[in-house]
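The values are calculated or read from the model by the stated rules, or taken from the named source; none is laboratory data. Just so we're clear, the structure is a prediction, and the values are computed from it rather than from any experiment. Glycine also receives a Cβ, built like all others from the backbone with ideal geometry; neighbour counts cover every protein chain displayed.
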Amino acid sequence: MVEVCKVCGLPKDLCVCDVILKEGTQKIKVYTEKAKFRKFVTVIEGVEKSQIGEVTKYLKKKLACGGSKKDNQIILQGDHKKKVAQLLKELGYKEEQIEVL
């Protein structure tokens with residue numbers, strides 16, 4: 001039996017819900033902050049709540065770093081601003097949406 005998308009009602013192989021979410025007008029901000037002991041962390045804001053879990057997992061795996069998701073933010077250990085922007089493009093986010101500060 002064919003799986004059906006819960007959001008749009010189309011079969012999973014024809015569903016475009018993920019593409020529509022990623023093409024939203026929301027800006028994604030990527031910046032670094034100093035955390036404890038003068039260590040840097042990379043913060044990503046603006047990813048949809050429904051996508052934040054899988055985006056966090058993907059970025060942590062690709063960058064080989066630790067991190068977490070808190071209050072609609074993704075926090076990664078280390079300074080990864082340039083790499084994160086490229087990885088978000090690979091995930092399907094448009095370059096105009098990503099703002100590296």
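Quick grid of which residues meet (1) at pLDDT 85 or above; (2) within 14 Å of the chain's Cα centre (by Cα):
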{"position": "6", "(1), (2)": "no, no"}
{"position": "29", "(1), (2)": "yes, yes"}
{"position": "37", "(1), (2)": "yes, no"}
{"position": "47", "(1), (2)": "yes, yes"}
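When residue 96 is tested against the conditions (1) surrounded by 14 or more Cβ atoms within 10 Å (Cβ to Cβ); (2) assigned to a loop (DSSP other than H, G, I, E, B); (3) more than 13 Å from the chain's Cα centre (by Cα), the lone failure is (1).
Among the residues of region 52-76, the one identified as touching a Leu at 6+ places or on another chain (Cβ under 9 Å), surrounded by 15 or more Cβ atoms within 10 Å (Cβ to Cβ) and polar (S, T, N, Q) is 56. Of the residues examined, residue 69 is one that is without any contact (Cβ under 8 Å) to a residue 40 or more places away in the chain, of a type outside the set (S, T, N, Q) and assigned to a strand (DSSP E or B). Given the structure, is residue 9 surrounded by fewer than 12 Cβ atoms within 10 Å (Cβ to Cβ) and free of Cβ contacts under 8 Å to residues at least 60 places away in the same chain? So residue 9 passes the test. Here residue 28 meets each of (1) surrounded by 14 or more Cβ atoms within 10 Å (Cβ to Cβ); (2) in contact (Cβ under 8 Å) with a residue 40 or more places away in the chain; (3) of a type outside the set (Asp, Glu); (4) more than 27 Å from residue 5 (Cβ to Cβ) with one exception, condition (4).
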